[in-house]
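Some notes on the structure that comes next.
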Amino acid sequence: MGVVKYYLCGGIHMFGKRLRQIRMKNGFTQQRTADLLGITLRSYQKYEQGERSPSLDCLVKIADIFNVSLDYLLCRDAFIQSHAKSSDE
């Protein structure tokens, strides 16, 4: 099992929703995003639909394009925040 699939297991649909949200927030079309990633439109659509997970390289490109962290893309931001709070106590 690849690194990305490990982190997305059970959460791939959440990843797809998060990806769609940040794409739309930034005013990008699916086609523009696919072009920037160097993949086909259909491949990108499968990411948003939760039918396919991106490679680690592609995940990093997505984070760079939208200026977000990998933790945010992988829906781990709440996990990170909860651990930061517990270490502050």
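What to note about this one:
- Those residues of segment 11-20 which are of a type outside the set (A, V, I, L, M) and open to solvent by less than 90 Å² (accessible area, probe 1.4 Å), in sequence order: GLY11, PHE15, GLY16, ARG18
- Scanning segment 21-44 for residues that are on the phi < 0 side of the Ramachandran plot, surrounded by fewer than 16 Cβ atoms within 10 Å (Cβ to Cβ) and not hydroxyl-bearing (Ser, Thr, Tyr) yields GLN21, MET24, LYS25, ASN26, GLN31, ARG32, ASP35, LEU36, LEU41, ARG42.
- Answer residue from segment 55-77, given it is more than 14 Å from GLN21 (Cα to Cα) and within 8 Å of the chain's Cα centre (by Cα) and is surrounded by the most Cβ atoms within 10 Å (Cβ to Cβ) among those: LEU59
Yes or no, residue by residue, for (1) at pLDDT 95 or above; (2) out of contact with any strand residue (DSSP E or B) (no Cβ under 8 Å at 6 or more places or on another chain); (3) not in a helix (DSSP H, G or I):
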residue: LYS5; (1), (2), (3): no, yes, no
residue: PHE15; (1), (2), (3): no, yes, no
residue: GLN45; (1), (2), (3): yes, yes, no
residue: ARG52; (1), (2), (3): no, yes, yes
residue: CYS58; (1), (2), (3): yes, yes, no
residue: ILE65; (1), (2), (3): yes, yes, no
residue: GLN81; (1), (2), (3): no, yes, no
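- The set of residues in segment 23-39 that are assigned to a helix (DSSP H, G or I) and out of contact with any Cys (no Cβ under 8 Å at 6 or more places or on another chain) comprises ARG23, MET24, LYS25, GLN30, GLN31, ARG32, THR33, ALA34, ASP35, LEU36.
The values are calculated or read from the model by the stated rules, or taken from the named source; none is laboratory data. On a predicted model such as this, the values are computed, not experimentally measured, just so you know. Backbone-built Cβ (ideal geometry, glycine too); neighbour counts: all protein chains shown. Note: areas computed on protein heavy atoms with side chains; ligands, DNA, RNA excluded. Shrake-Rupley method; radii C 1.70, N 1.55, O 1.52, S 1.80 Å.
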